[in-house]
Amino acid sequence: MLNQRLQQKLLQKLSPQQIQLMKLLQVPTIALEQRIKQEIEENPALEEGAEENESDSEEFDDLDSDLNYEDESENKDNISAEINLSDYFEDDEIPSYKLAANNSSPDDDRKDIPYSGGISFQEILSAQLGMHYISEKEKAIAEIIIGNLDDAGYLQRELPALVNDLMFSYNIKTTISELEKILTIIQSFDPAGVGARNLRECLLLQLYRKDQTKTTIKQATITISKCFNEFTKKHYDKIAKKLGISEDDLKGVINEILKLNPKPGNSVLDGKKVSQMSIVPDFFVYNVDGKLELSLNSKNAPELRLSRTYTDMLQSYGSTKDKNDRKMKDAVAFVKQKMDSAKWFIDAVKQRQFTLYDTMEAIMKYQREFFETGEETKIKPMILKDIADMVRLDISTISRVVNSKYVQTEYGTSLLKTFFSESLSTDSGEEVSTIEVKNILQECISNEDKRKPITDDVLASILNEKGYNIARRTVAKYREQLDIPVARMRKEL
């Protein structure tokens, strides 16, 4: 049964201004400039530069509140007396802003699609395909196979699946044997190893192009073809036994295999990649005569202002006689909406600046010993809640502030996230940062005998001897966070 009833609810919702501020907080300095340029392009009421008059913003607020409106729609009226509106409304055309449609929410993150420049990996292979005399059908099949190669140069699709695709999608009837013949042609292209279906085949394709009369090359080929599982698991003693060679000879075989490229496609792409942008610090911390001084990157505090032309439009509307003209009110509503949006953006940028400064100042005070000495062992255990309590902000806000932000000190440039770590108790009851434990792990592993790498159990014992209460599974977790493989995979001859 359907019925209607009134119901009151108390909800907490973020305003558009708060959402805009949250988005700006997580933007690093290197991307803030581009974000401001985008806003200036989209909003003609926003300009870059210092305010010509400090009271411009207050003048806009006073004007907005002083105007007397006859109805709700008149709450959006203002226009410049210097511009004759009748010149724009003599025809019956509907303003373009009324016809604009945008199905996305203003809260949605807009991510531009990057367009790659230069010649793609597939185009390089297609150019080599043109040098082979094959039929039009075989050429079409080869192009489709090249199109199915991933960035590493591997063919991930199974040949039976490709046969079906060619039949149903391209109306090309073929067989697996014909596909293998064409794939063999593609595997002869440069770089060596391209078109392989797995790592084993990729390495073999590269070895087959080397001089097989050399003993080391021949033994390396046998190792990959017959002892690939043992090679991946680093069971070197089993490989030496199967090949009947000494450990010194096996070392030469392994070195020859390590020279091969496991991802041949990337070797082409790496040469065409645009070099990454350098790190732009968001904060600067200086030690001046024993006193720490904090400053924001100047790009974090850009000078923005409201357009004087649009402000004059709002000022002059008070003396306009034709306030009830519908077309005029629609145009003025658009102008005022742009002015409000510009003012909100300026306020959000200023608030971003204050929030960044307060948060970094709290981090600097909490980690004062590190900023004074530069020693990582002086970093204290610190979590987001510690800083949130100091600046009286939400933990999510602090998380946005430290996201992708860098601070430059006299000891180098560091990511803010590196200052946050959990605590670990020692035998003496002292709370130390997990960063200190990770540094000890790295030092132990870097100094280990690679012929007999240290296991996680031994690492846990070493840390326990140093006074750190830590279990083997915790050692494994820290080792994985440092991208260090297990002991068996670190073994070398």
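The values are calculated or read from the model by the stated rules, or taken from the named source; none is laboratory data. Since we're looking at a predicted model, the values are computed, not measured. Glycine also receives a Cβ, built like all others from the backbone with ideal geometry; neighbour counts cover every protein chain displayed. For accessibility, only protein heavy atoms count, side chains too; no ligands or nucleic acids. Shrake-Rupley method; radii C 1.70, N 1.55, O 1.52, S 1.80 Å.
Place the peptides 140-147, 452-459 in order of packing, highest mean first, counting for every residue the other Cβ atoms within 10 Å and averaging per peptide.
140-147, 452-459
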Pair ARG5, GLU376: separation of 7 Å Cα→Cβ label points (nm): 6.2
Set of region 442-479 residues, backbone N closer than 17 Å to the point 7 Å along the Cα-Cβ line of ARG488: 451-458, 476
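How much length would be gained if the chain were fully extended between GLN442 and LEU292, taking 0.36 nm per residue of separation minus their Cα-Cα distance, in nm to one decimal?
Working: separation 150, 0.36 × 150 = 54.00 nm, distance 3.05 nm.
Length difference between fully extended and current span is 51.0 nm.
Please state, as a whole number in µm²/s, the translational diffusion coefficient that the Stokes-Einstein equation yields for region 180-242 at 20 °C and 1.002 mPa s, with Rh defined as the Kirkwood radius across alpha carbon pairs. List each step's numbers first, then the result.
Numbers: Rh = 12.5 Å.
D, rounded to a whole number, is 171 µm²/s.
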Nearest-0.05 FRET efficiency for ASP449 and GLU48, computed from C-beta distance (R0 45 Å): 0.15
How would you rank 189-197, 351-359, highest first, on the average number of other Cβ atoms within 10 Å across their residues? 189-197, 351-359
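Can you send over the carbon and sulfur percentage of the accessible area for region 183-232, probe radius 1.4 Å, protein chains only? Please report the intermediate quantities before stating the final value.
Values: 1210 of 2350 Å².
With neighbouring chains kept in place, the figure for region 183-232 is 51 percent.
Assuming a ≥ b ≥ c are the square roots of the Cα gyration tensor eigenvalues, decide whether region 350-493 counts as rounded (a/c under 1.5), prolate (otherwise, with a/b larger than b/c) or oblate.
Numbers: a/c = 2.42, a/b = 2.05, b/c = 1.18.
Because a/c hits 1.5 or more and a/b exceeds b/c, region 350-493 counts as prolate.
Using 0.36 nm times the number of residues separating ALA31 and ILE176, minus their current alpha carbon distance, what extension gain do you get?
On the way: separation 145, 0.36 × 145 = 52.20 nm, distance 5.00 nm.
Taking 0.36 nm per residue and subtracting the Cα distance, the gain is 47.2 nm.
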Among rounded, prolate and oblate, which fits region 389-474 when a ≥ b ≥ c are the square roots of the eigenvalues of its C-alpha gyration tensor, a/c under 1.5 means rounded, and a/b larger than b/c means prolate? prolate
Convert each backbone phi in region 31-37 into a coupling constant with the Karplus relation 6.51 cos²θ - 1.76 cosθ + 1.60 (shift: θ = phi - 60°), then list the ³J(HN,Hα) values in order as whole Hz, x for Gly and Pro. 9, 5, 4, 5, 5, 5, 4
So between LYS466 and ASN255, what do we pick up on full extension, going 0.36 nm a residue minus the alpha carbon distance? 72.3 nm
FRET efficiency, LYS13 to GLU303 (Cβ-Cβ, R0 35 Å, nearest 0.05): 0.65
In whole angstrom, note down how far apart the Cα centers of region 181-257 and region 431-493 are. 32
Place a point 7 Å from the Cα of ALA161 in the direction of its beta carbon; the residues of region 186-214 whose amide N falls under 17 Å from it are 195-199
Cβ crowding within 10 Å averaged over residues, with 31-39, 404-412, 167-175, 337-345 ranked highest first: 337-345, 404-412, 31-39, 167-175
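Given a Förster radius of 35 Å and the C-beta distance between ASP150 and ILE395 as r, what FRET efficiency does 1/(1 + (r/R0)^6) yield to the nearest 0.05?
0.30
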